[in-house]
Amino acid sequence: MSNYEVTKSPSEWREQLGEERYRILREKGTERPFTGKYNMHFQDGQYVCGACHQPLFESNSKFDSGCGWPSFDEAIEGAVEYEKDRSLGMIRTEILCANCGSHLGHVFNDGPTETGQRYCVNSLSVDFEEE
């Protein structure tokens, strides 16, 4: 784990984020597929961390993967940190905000674009800022 620029106590994060966002961002939870407000959201702008507002993904990297969660084919350089995740009986790559360590989702090597990546992100882990 890195030393993050933005650090708060669990109670400070819980107060700022509320229970559901805290569960996703700080306890590595997952929202149900096809329920997030950004799953089928395709406006121009940036997706930023729901905890610290660091820009994470540009809207032009978003695509409809059909998986039920917002999907991107690349992150903004340096915005995301990667960790091996061995939970749920499988090996995956977890993605975290490089600025505050909040859980965003996972990245897979099955994307349909030239990057070959599919960043599968919880809607509750991001906010959107229009261009």
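The numbers here are math on the coordinates, done by the rules we state, and not lab data. Every value quoted in this text rests on a predicted model; they were computed, and no experiment measured them. Positions of Cβ are backbone-derived with ideal geometry, glycine not excepted, and every protein chain shown enters the neighbour counts.
Each of Asp85 and Asp127 was given a label point 7 Å from its Cα along the Cα-to-Cβ line. The distance between the two points is 2.3 nm. Separation of the stretch 68-89 from the stretch 16-42 is 14 Å, based on Cα centroids.
Give me the Debye-computed log₁₀ of I(q)/I(0) at q = 0.21 Å⁻¹ for the stretch 13-82, equal point scatterers on Cα only, no solvent, two decimals. With no solvent term, the Cα-only Debye profile gives -1.05. Given +1 at the Cβ of Lys and Arg, -1 at the Cβ of Asp and Glu and no other charges, the dipole of the stretch 32-130 around its Cα centre is 500 debye to the nearest 20. Per-residue ellipticity at 222 nm computed for the chain from its helices equals -3000 deg cm²/dmol, with DSSP H segments shorter than 4 residues left out and the rest contributing -39,500 (n - 2.57). Count Lys and Arg as plus one, Asp and Glu as minus one, and take only other residues whose Cβ is under 10 Å from that of Phe72; the net charge is then -1. With the cut-off at 1.5 for a/c, could you classify the stretch 48-103 from its C-alpha gyration tensor as rounded, prolate or oblate? Oblate, because a/c is 1.5 or more while a/b does not exceed b/c. Unpaired Cys in the chain, meaning no second Cys C-beta under 4.7 Å: Cys67, Cys120.
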